[in-house]
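Below is one structure, written out as structure tokens; the observations come after it.
The values are calculated or read from the model by the stated rules, or taken from the named source; none is laboratory data. Treat the numbers as computed from the prediction; the structure is a model and nothing was measured. Counting neighbours? That spans all protein chains shown, and the Cβs are built from the backbone with ideal geometry, glycine included.
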Amino acid sequence: MSGFDPEAVRAFEHAGWQLAAAEYDATFARASSQFAGALLDAAQVGSGSQVLDICCGTGVVAAAAARRGAAVTGIDFSAAMLDRARRGHPQLRFDEGDAEALPYADASFAAVVSNFGIHHIAHSDRAMAEARRVLHPGGRLAITNWAAPAENIAWRLLFDAIGAHGNLRAANAPPSGGNLQTLEAALRLLAEAGFGECRAEIIRREWQVAEPRDFLAALARGTVRTAAMINAQPAAARPRIEAAIAAAAAPYRREGGYAVPIAAILASSVRPA
């Protein structure tokens, strides 16, 4: 599929997250949740902070903010993800809505955060403009996005294996709404939305799994775009892909399992006063 169709991107992402919701916390959240603390630190979230969590999913970051004493609201466009969030964190507020048209008044929040959500939005620039609108003057924004495979070993293992034994274009998915895999791209997005004091850095963690196939299964069941690529591979290629990942993951074997390096771009900024 070629060309950029925002409605196709939205429909693809929405359908994918509706399906991934049931298994997200038990699979991919074990990777993405490791960046929640750094994200909240960058937004200076603390006791009494009024916080908006955009693309909140199952509420992992919202719950972490609440544990700091923040008054947090989560918003997501997936009813299935929100159902999980509400059941897991019934004391918190979760709204169904569009990140490109937030249903909140101007200057409603002291901090806005999004953990691996902005690149799933068809128009990431519109989402950032909305985040700026709902922030107090002087309020802080922080977002994370996955770093490019050159920095992100987990994805490099996957893409190298599929490139050698499968088809990286098999999913025929619509183009992503936001390619934010570099420091420069993240900084440009924030600056063009009118934010100041823009900063970006690479944050590194380790994704711990019992076996390499667990890492592959988590990506296949708890993501959208990557899951579509994995699940579109020919059945005959799957054993070879799994074997290639297992071989390449050998250097990351530890006692009791594997610790695969993962990396995120953490970008933060301030709404000018």
Flag for residue 182 being touching a residue at least 60 places away in the same chain (Cβ under 8 Å) and within 23 Å of residue 112 (Cα to Cα)
yes
Odd one out for residue 167, checked against (1) part of a loop (DSSP other than H, G, I, E, B); (2) within 30 Å of residue 138 (Cβ to Cβ)
(2)
Leading residue by the ranking (surrounded by the fewest Cβ atoms within 10 Å (Cβ to Cβ)) among those in the range 79-98 that are out of contact with any strand residue (DSSP E or B) (no Cβ under 7 Å at 6 or more places or on another chain) and within 20 Å of residue 39 (Cβ to Cβ):
88
Given the condition over 30 Å from residue 133 (Cα atoms) and of a type in the set (A, V, I, L, M, F, W, C), answer yes or no: does some residue in the range 186-206 qualify?
no
Please work out which residue is nearest to residue 137 (Cα to Cα), limiting yourself to the range 99-115 and to residues that are surrounded by fewer than 24 Cβ atoms within 10 Å (Cβ to Cβ) and touching a Gly at 6+ places or on another chain (Cβ under 7 Å).
110
If I ask for residues that are under 17 Å from residue 209 (Cβ atoms) and either crowded, with 20+ Cβ neighbours inside 10 Å or not basic (Lys, Arg) (or both), which ones from the range 147-168 would you list?
152, 153, 154, 155, 157, 158, 161
Please verify whether residue 245 is among the hydrophobic types (A, V, I, L, M, F, W, C), crowded, with 20+ Cβ neighbours inside 10 Å and touching a Phe, Trp or Tyr at 6+ places or on another chain (Cβ under 9 Å), treating the condition exactly as stated.
yes
Test: residue in the range 62-69 that is crowded, with 23+ Cβ neighbours inside 10 Å, out of contact with any Cys (no Cβ under 6 Å at 6 or more places or on another chain), over 19 Å from residue 226 (Cα atoms) and at pLDDT 95 or above
yes
Which residue out of 110, 65, 80 is assigned to a strand (DSSP E or B), touching a residue at least 40 places away in the same chain (Cβ under 8 Å) and at negative phi?
110
Run residue 173 past the list (1) within 30 Å of residue 130 (Cα to Cα); (2) among the hydrophobic types (A, V, I, L, M, F, W, C); (3) modelled with pLDDT of 95 or more; (4) outside any helix (DSSP H, G or I) and report the number of the one that doesn't hold.
(3)
Can you tell which of 199, 205 is in a strand (DSSP E or B), surrounded by 14 or more Cβ atoms within 10 Å (Cβ to Cβ) and within 16 Å of the chain's Cα centre (by Cα)?
205
Which condition does residue 215 not pass, out of (1) hydrophobic (A, V, I, L, M, F, W, C); (2) in a helix (DSSP H, G or I); (3) at pLDDT 95 or above; (4) closer than 15 Å to residue 32 by Cα, if it passes all the others?
(3)
Tally the residues that are surrounded by 19 or more Cβ atoms within 10 Å (Cβ to Cβ), assigned to a loop (DSSP other than H, G, I, E, B) and touching a Gly at 6+ places or on another chain (Cβ under 7 Å), restricting the search to the range 1-57.
4
If I filter the range 119-132 for residues that are assigned to a strand (DSSP E or B) and either of a type in the set (A, V, I, L, M) or surrounded by 22 or more Cβ atoms within 10 Å (Cβ to Cβ) (or both), do I get at least one hit?
no
Sort through 42, 122 and tell me the only one that's among the hydrophobic types (A, V, I, L, M, F, W, C), within 25 Å of residue 16 (Cα to Cα) and under 18 Å from the mean Cα position of the chain (by Cα).
122
